[in-house]
Each structure stands twice: as structure tokens, then as C-alpha cells.
1. Checking the condition among the charged types (D, E, K, R), buried (at least 23 other Cβ atoms within 10 Å of the Cβ) and within 24 Å of residue A:84 (Cβ to Cβ), which residue from A:144, A:132, A:153 passes?
2. When you look at residue B:42, is it in a helix (DSSP H, G or I), farther than 23 Å from residue A:258 by Cα and among the basic types (Lys, Arg), yes or no?
3. Quick check: is even one residue across the range B:62-84 surrounded by 15 or more Cβ atoms within 10 Å (Cβ to Cβ), modelled with pLDDT of 95 or more and of a type in the set (Val, Ile, Thr)?
4. If a residue has to be in contact with an Asp or Glu (Cβ under 9 Å, 6 or more places away or on another chain) and crowded, with 21+ Cβ neighbours inside 10 Å to count, how many in the range A:240-265 make the cut?
5. Can you name the condition, by its number, that residue A:43 falls short on among (1) of a type in the set (Lys, Arg); (2) over 19 Å from the mean Cα position of the chain (by Cα); (3) surrounded by 14 or more Cβ atoms within 10 Å (Cβ to Cβ)?
6. Check the range B:23-38 and report whether any residue there is in contact (Cβ under 8 Å) with a residue 12 or more places away in the chain and within 8 Å of chain A (Cβ to nearest Cβ).
7. Restricting to the range A:60-91, and then to whatever is under 23 Å from the mean Cα position of the chain (by Cα) and hydrophobic (A, V, I, L, M, F, W, C), can you tell me which residue is surrounded by the most Cβ atoms within 10 Å (Cβ to Cβ)?
8. If you check residue B:59 against the conditions, is it more than 7 Å from every other protein chain (Cβ to nearest Cβ) and either touching a residue at least 24 places away in the same chain (Cβ under 8 Å) or aliphatic (A, V, I, L, M) (or both)?
Amino acid sequence: MRTRPTLSILTAALALCALIGASSPAALAIDAVDPAADAKAFRDFFVKKFPQVKFEDFVNGPYSMNEDMRKQWKDKEQFPPYEFALEAGKEMFSKPFKNGKHYADCFENGGIGVRQTYPTFDEKEGQVITLELALNRCREVNGEQPYSYVKDEMAQLTAYMAFTSRGKPFDIKIPNDPRALEAYENGKRYFYTRRGQLNFSCASCHVQNPGERIRAEVLAPAFGILNAMPIYRSEWSGMGTTSRRFTTCNSQIRGVPLEPQSLEYRDLEYYLSYVSNGLPISGPGARP
Amino acid sequence: MSVVMKNFTFAVIMLAGSVGPSLAASEADFKAAFAAADAAEKEGGRLRNQWTTTEAALSTAKKAAETGNFDQALRSAQEAEALAKASIVQATSEQQRWKDMEIH
């Protein structure tokens, strides 16, 4: 029988690293979790790293990092590529379900100007509820089939809801509930955990290297990265949701993506949104 | 012969064995290797950390076996197992190491 290639050596090396890593101190208890302190450190890190970027401009991702791209974006915004999705979303939002009810019946303030409060932590269920999840639940409770979480109709609906919140600062709440703190901490852990064969975490690109190029793309800072969601991406030739962004990121680092709206992704969105509290919603957005 | 030399000789023999000519792989070899790879990949799934390259190697192994190319099937299955094991090691070590990257 043939023996294994050099990958075995790599495996052994990684196993050794794991053994070394196993001697690290155990994870902090939930009572040591301090989201407010985290958010301050997060904001301070980016403000200090990019003193030339205006605070509210962080929501513009790569355009806040690169002057040439910014000029192209400004031109593009005169006829924004998300405009059709926005119009379609507005129409869908106002169209009644077969039972005569509307999306507006499922949300506070009729769903207008509420995007900045999502994700929320539902204390009855003990879990994070994203806007995408809330929209599909709204459909299902009214006898409609759920939409795909990654694009098309879901992106159109969230585009419209984001548009009605433009300029409103992210206002994510973490209730005094150990389950909410645990969800927040799980999201943070997911954000910083290296995964995929390329051994990247979200932070590898969006904390350690924002403003740098990865191939032809300029990496966006993690601070404010979800404020522009959903986005039209030229790379996708269409609109995509936060779920699409997360699954694509995982694939790009050669990791098998989790299912959209899995607990991990929802917790990740909760964490990333919370640490961007105070930055305005700018969605729907456009990215290269 | 010193201990160092003995170890070195042993390593060279092992290395030679790993790259030298060998018998053609059998279906049984493939099946055993594939089962090991599949089990490791399932463990990666339990840890929520599978790699696309592992999935690709498993798929290649299966397709090669279907055409009777058990040499290729075995190689790909072994590669898949090595990748899956590496993803398990990554997931395990990152349970603690993620904090090293955190902004404070």
C-alpha cells in the first residue's frame, strides 16, 4: 500500500501546534464578557489606524481606504447598480400576502426605519434574530414560502428596509441576559477564529489588513462593514445579503460555508453589528 | 553507530519507502483509505470546520474508484484524510488561539 504524501508532515506539524495551543488558558467565563469595552477598543483601533478617515466614512468600506476607488464609486452612485433591487424591494414590501397581511404587520413602525436595530436578541427564544430571518419568519407565519437567504428577493427586501434607515446609527442592544452575552461572545470567537485551508479568520483580512489589496480587491475595515448591507457586487453581477457575504468569505479561504442563518453566522452578525454601533446605516451599497 | 546516525538512517529508509515504487493499489486499499478520510471529514463537520479542498479530494477519490483507477482513488483518499485531519487540528487549536488576534 502506498504511503501518504508530504501533507502528512504538514498534519503532524499542525498537530504539534495544537498540543502547544492546548496549554493556553481556558476561555473566559461569560461574566467577564464586556461588549461595551470591546466596542470601544474596536472603534479606537480603527480610528487610530486610519486617522485620515472620517468617522462616518468607515461604512463605505474600500472607498474610505482608497482615493481612486472612491472617485469611481462617486461616479457610480449617480446611477447606482442597486437601484433596480431597491425599487423591486419597495414594491414587494408593500404588496400584500395571499392572506391580505403585509410585511409591515411583522415589524415595529411598519418595518420603516428599523434596520439599524437588527440583529436583535429575542429573550423568549434565547437567540439572535437577524433581519433576514425575521423577514422569512414573517413570510412563513403568513402562509408564504421562505426566500433564499443569499440573494434575489431577500436582497431586494433588505435593500428597501436598509434604505429607509439610511443615516440612522446602528443601535444594537445586548440585554442583560447570559444567553445574549454568550451569543455575542460566540460571534466574536467566530470572527477571530482561523478556518479554511488558507488559515484565515475574518480578522486576518478586515482587522489586520484593511486598505491592503488581496489580488485586485481593496480590503474593507471590519468597523462598519455591515452598515452597507445588502450590497451589489460587481464580482457577483448582482445583489447579495449579509448571508451571502459570510458564505462567500468562507469559500474564498477554502472553508466549507455553514448554512445561511446558522447560529454561528447570526451570532457573528450580532457581534459585528454591535461593535459598529454609532456608525450610520448606508445600505444598500455597491462594491467591486 | 551513534544514536543520531541511527535515527538519520531510519528516517532515510522511511523516506525511501514512501517515495519508491510500490504495488498497484487495490479496491480494498481504496475503501479503507476512503473510510478513514470520510470519518475524519465527518469529525471536521462536527467541529464546524470542513475544508473545500477535503471535499474536492473525496470527490476525486470516488470518481477515480468508479472508473477503476484505484491508484488515483487511493492517493486522493489519503490526501483527503490528511486535509481533514489538518482541519480538525486547526479547529481544536483555534478554540484557544483565536484570542491572540483579538483587539484589546
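1. Answer to the selection: A:132.
2. So residue B:42 does not fit the description; no.
3. No, the range B:62-84 contains no residue that is surrounded by 15 or more Cβ atoms within 10 Å (Cβ to Cβ), modelled with pLDDT of 95 or more and of a type in the set (Val, Ile, Thr).
4. Applying the first criterion (in contact with an Asp or Glu (Cβ under 9 Å, 6 or more places away or on another chain)) to the range A:240-265 yields A:241-243, A:246-248, A:256, A:258, A:260-261, A:265.
Subset that is crowded, with 21+ Cβ neighbours inside 10 Å: A:241-243, A:246-247, A:256, A:261, A:265.
Of the residues in that region, 8 qualify.
5. Answer for residue A:43: the failing condition is (2).
6. Looking through the range B:23-38, at least one residue is in contact (Cβ under 8 Å) with a residue 12 or more places away in the chain and within 8 Å of chain A (Cβ to nearest Cβ).
7. Selected residue: A:85.
8. Details: more than 7 Å from every other protein chain (Cβ to nearest Cβ): yes; either touching a residue at least 24 places away in the same chain (Cβ under 8 Å) or aliphatic (A, V, I, L, M) (or both): no.
Answer is no for this residue.
The values are calculated or read from the model by the stated rules, or taken from the named source; none is laboratory data. Here the structure is a predicted model, which means the values were calculated and not measured. All Cβ positions, even for glycine, are placed from backbone atoms using ideal geometry, and neighbour counts span all protein chains on display.
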